[in-house]
1. Does LYS51 satisfy the condition of being touching a residue at least 12 places away in the same chain (Cβ under 8 Å) and part of a loop (DSSP other than H, G, I, E, B)?
2. In this structure, does ILE66 turn out to be touching a residue at least 12 places away in the same chain (Cβ under 8 Å) and out of contact with any Leu (no Cβ under 7 Å at 6 or more places or on another chain)?
3. Quick one: how many residues across the stretch 43-75 are modelled with pLDDT of 95 or more, out of contact with any Asp or Glu (no Cβ under 6 Å at 6 or more places or on another chain) and over 15 Å from LEU102 (Cβ atoms)?
4. Name the single residue, out of those in the stretch 54-89 being assigned to a loop (DSSP other than H, G, I, E, B) and over 18 Å from MET145 (Cα atoms), that is nearest to the chain's Cα centre (by Cα).
5. Does ASP92 satisfy the condition of being acidic (Asp, Glu) and part of a loop (DSSP other than H, G, I, E, B)?
6. Please go through the stretch 85-129 and give me each residue that is closer than 23 Å to ARG154 by Cβ, surrounded by 15 or more Cβ atoms within 10 Å (Cβ to Cβ), charged (D, E, K, R) and touching a Lys or Arg at 6+ places or on another chain (Cβ under 9 Å), ordered by number.
7. Can you pull out every residue in the stretch 143-157 that is free of Cβ contacts under 8 Å to residues at least 24 places away in the same chain and either surrounded by 11 or more Cβ atoms within 10 Å (Cβ to Cβ) or in contact with a Lys or Arg (Cβ under 8 Å, 6 or more places away or on another chain) (or both)?
8. Mind listing just one residue for me: the one in the stretch 158-188 that is surrounded by fewer than 16 Cβ atoms within 10 Å (Cβ to Cβ) and free of Cβ contacts under 8 Å to residues at least 40 places away in the same chain and, of those, farthest from SER74 (Cα to Cα)?
Amino acid sequence: MEFRDPHDGEMNTSDMPHTCGEAGSPLAERKQGFVSEPAKPDISYVTGSSKFNYRVSAVIIRGESILAMRDERSPYYYLPGGRVKLNETAEDAVLRELREELGVSARIERPLWLDQSFFREDVDGLHYHELCIYFLIDANGTGLMESGEEFTLREREHTHRFEWLPFAELREKYFYPLFLKEEIFSLPERFTLRTDFE
């Protein structure tokens, strides 16, 4: 099984100081005179008992640890990220997901892998064909690198539990993607194509 996030693309606005429609909010002021675009759909579809996903994942490293997350719907650890939306670049998608899930504006250091994976998902039981681009992320200056070993953030009705997992402990953790348990020790310098079957 490879990386999954059972509820990509959802965002919690309840914790924001202003909503976009609230008079006087910075976002509302910027939006005056602009027509909002309809929400773009995720590049994902189900046919029968199979599902296709095009997604992105953020590899965020602090020392010898990687940032992973879990939530109430997912018993395993996975990386921050989510589905790419129609007419959105992979780069824009991973930075958007980091803003939505972690509330940070980070920087892409480089793409690491394009992983085409085929697996049966543990939560929904569907057979997945997934394309995922993994990006190495520079989160310096965002406050994220100074966070505790574990922390919790809300995104809409979901509670995300984040944890810095030591590389050496990944093999024993219920963690996806599986390949990263070994590959984390030698990240590629060039963008690399992978294929994983489960």
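The values are calculated or read from the model by the stated rules, or taken from the named source; none is laboratory data. Every value quoted in this text rests on a predicted model; they were computed, and no experiment measured them. A quick note on method: Cβ atoms are made from the backbone with ideal geometry, for glycine too, and the neighbour counts reach across all protein chains shown.
1. no
2. Values: touching a residue at least 12 places away in the same chain (Cβ under 8 Å): yes; out of contact with any Leu (no Cβ under 7 Å at 6 or more places or on another chain): no.
When the stated conditions are applied, ILE66 does not pass them.
3. So the answer is 15.
4. As a first pass, look at the stretch 54-89 and keep what is assigned to a loop (DSSP other than H, G, I, E, B): 63-64, 72-73, 79-80, 84, 86-89.
From what's left, over 18 Å from MET145 (Cα atoms): 72-73, 84, 86-89.
On the way: GLU72: 16, ARG73: 15, VAL84: 10, LEU86: 17, ASN87: 18, GLU88: 15, THR89: 14 Å.
By that ranking, first place goes to VAL84.
5. On the way: acidic (Asp, Glu): yes; part of a loop (DSSP other than H, G, I, E, B): no.
Against the criterion (acidic (Asp, Glu) and part of a loop (DSSP other than H, G, I, E, B)), ASP92 does not qualify.
6. First pass over the stretch 85-129, keeping only residues closer than 23 Å to ARG154 by Cβ: 85, 93-106, 123-124.
Subset that is surrounded by 15 or more Cβ atoms within 10 Å (Cβ to Cβ): 85, 93-98, 100-104, 106.
Right, trim to charged (D, E, K, R) and you get 85, 96-97, 100-101.
Matches in the stretch 85-129: LYS85, ARG96, GLU97.
7. Those that are free of Cβ contacts under 8 Å to residues at least 24 places away in the same chain and either surrounded by 11 or more Cβ atoms within 10 Å (Cβ to Cβ) or in contact with a Lys or Arg (Cβ under 8 Å, 6 or more places away or on another chain) (or both): SER147, GLU149, GLU150, PHE151, THR152.
8. If we filter the stretch 158-188 for residues that are surrounded by fewer than 16 Cβ atoms within 10 Å (Cβ to Cβ), which is where we start, we get 159, 161, 166, 168-169, 171-174, 182, 185-186, 188.
After this cut, where a residue has to be free of Cβ contacts under 8 Å to residues at least 40 places away in the same chain as well, the list is 169, 171-172, 182, 185-186.
On the way: GLU169: 19, ARG171: 18, GLU172: 17, GLU182: 22, PHE185: 25, SER186: 27 Å.
Among residues in the stretch 158-188 that are surrounded by fewer than 16 Cβ atoms within 10 Å (Cβ to Cβ) and free of Cβ contacts under 8 Å to residues at least 40 places away in the same chain, the one farthest from SER74 (Cα to Cα) is SER186.
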